[in-house]
Amino acid sequence: MQEEYYFYEPKLGHGLKHDPINAIVGPRAIGWIGTKSSSGTLNLAPYSFFNLFNYRPPIIAFSSLGYKDSLRNVMETGVFTWNLVSRDLAEQMNLSSIEQAVPEFEFAGLTPLDARNVDAPRVGESLVSFECRLTQHLRLQDINETELDTWMVFGEVIGVHIAPSCLVEGVYNTSHAQPVLRGGGAGDYFTITEAAKFVLRRPK
């Protein structure tokens with residue numbers, strides 16, 4: 001058993017080169033969120049605070065640090081898409097995070113495709129895309145009930161697009177898709193390989 005630990009209280013600072021919280025809770029799948037404004041402008045942005053929170057129905061969520069375009073568009077339209085970032089799309093994902101005048105799809109060299117059931121763009125190059133409808137949103141607050149400049153967005157997945165290459169004998173192969181996962185530090189990312197897999201079934 002470990003006898004000594006590095007301890008800190010977040011409100012007083014961590015005292016390290018980089019905040020370790022997002023490295024400890026990770027690596028995390030990236031929420032590559034596609035939206036369309038009420039005026040028809042397309043938007044694509046990556047969110048590293050993202051995950052799946054329910055199985056049936058599938059509900060995903062992403063957290064926006066600041067009231068950004070993606071959040072505003074979801075609030076206006078009630079819909080969005082999530083798009084898988086595979087290893088070969090890592091650079092495009094990174095480019096889509098840059099604030100600039102050129103639309104993200106165009107700037108990152110990506111193809112916007114229409115979704116089937118929601119009015120939001122999906123990434124044509126992504127191996128998997130979810131079509132989502134907003135179910136809940138809330139503004140986060142600290143232990144003193146002070147509101148933070150951070151919003152949580154929950155959406156029910158009502159449509160799923162999967163590239164056939166990711167399905168092996170009817171089973172989705174996670175490592176084949178090589179999802180890009182966010183670690184910590186200034187720019188640490190990971191992916192998944194078949195060699196890293198181990199099987200552990202729940203006890204009966």
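Read-outs: derived from the displayed coordinates by stated rules, not from any lab. Note that the structure is a prediction, hence the values are computed from the model and not measured. For neighbour counting, all protein chains shown are included, and Cβ atoms are generated from backbone atoms with ideal geometry for every residue, glycine included.
Checking the condition within 19 Å of Gly185 (Cα to Cα), in contact with a Gly (Cβ under 9 Å, 6 or more places away or on another chain) and without any contact (Cβ under 8 Å) to a residue 12 or more places away in the chain, which residue from Tyr6, Tyr47 passes?
Testing whether each residue is within 19 Å of Gly185 (Cα to Cα), in contact with a Gly (Cβ under 9 Å, 6 or more places away or on another chain) and without any contact (Cβ under 8 Å) to a residue 12 or more places away in the chain leaves just Tyr6.
Taking region 174-204 only, how many residues are surrounded by fewer than 14 Cβ atoms within 10 Å (Cβ to Cβ) and either of a type in the set (D, E, K, R) or in contact with a Cys (Cβ under 7 Å, 6 or more places away or on another chain) (or both)?
Total satisfying the criteria: 5.
Here is a check on your reading of the model: is Ser129 surrounded by 15 or more Cβ atoms within 10 Å (Cβ to Cβ), in contact with a His (Cβ under 6 Å, 6 or more places away or on another chain), closer than 29 Å to Val171 by Cβ and of a type in the set (S, T, N, Q)?
So Ser129 passes the test.
Could you identify the single residue in Val85, Val79, Val25 that is touching a Cys at 6+ places or on another chain (Cβ under 7 Å) and either exposed (fewer than 11 other Cβ atoms within 10 Å of the Cβ) or β-branched (Val, Ile, Thr) (or both)?
The conditions single out Val79.
Being free of Cβ contacts under 8 Å to residues at least 40 places away in the same chain, closer than 19 Å to Val74 by Cβ and surrounded by 10 or more Cβ atoms within 10 Å (Cβ to Cβ) narrows it down to one of Leu148, Leu167, so name that one.
Only one candidate passes the filter, namely Leu148.
Name the single residue, out of those in region 25-65 being among the aromatic types (Phe, Trp, Tyr) and assigned to a strand (DSSP E or B), that is farthest from the chain's Cα centre (by Cα).
Across region 25-65, the extreme among qualifying residues is Phe53.
Considering only residues of region 28-54 that are under 14 Å from Cys132 (Cα atoms) and among the small types (Gly, Ala, Ser), which is surrounded by the fewest Cβ atoms within 10 Å (Cβ to Cβ)?
Across region 28-54, the extreme among qualifying residues is Gly31.
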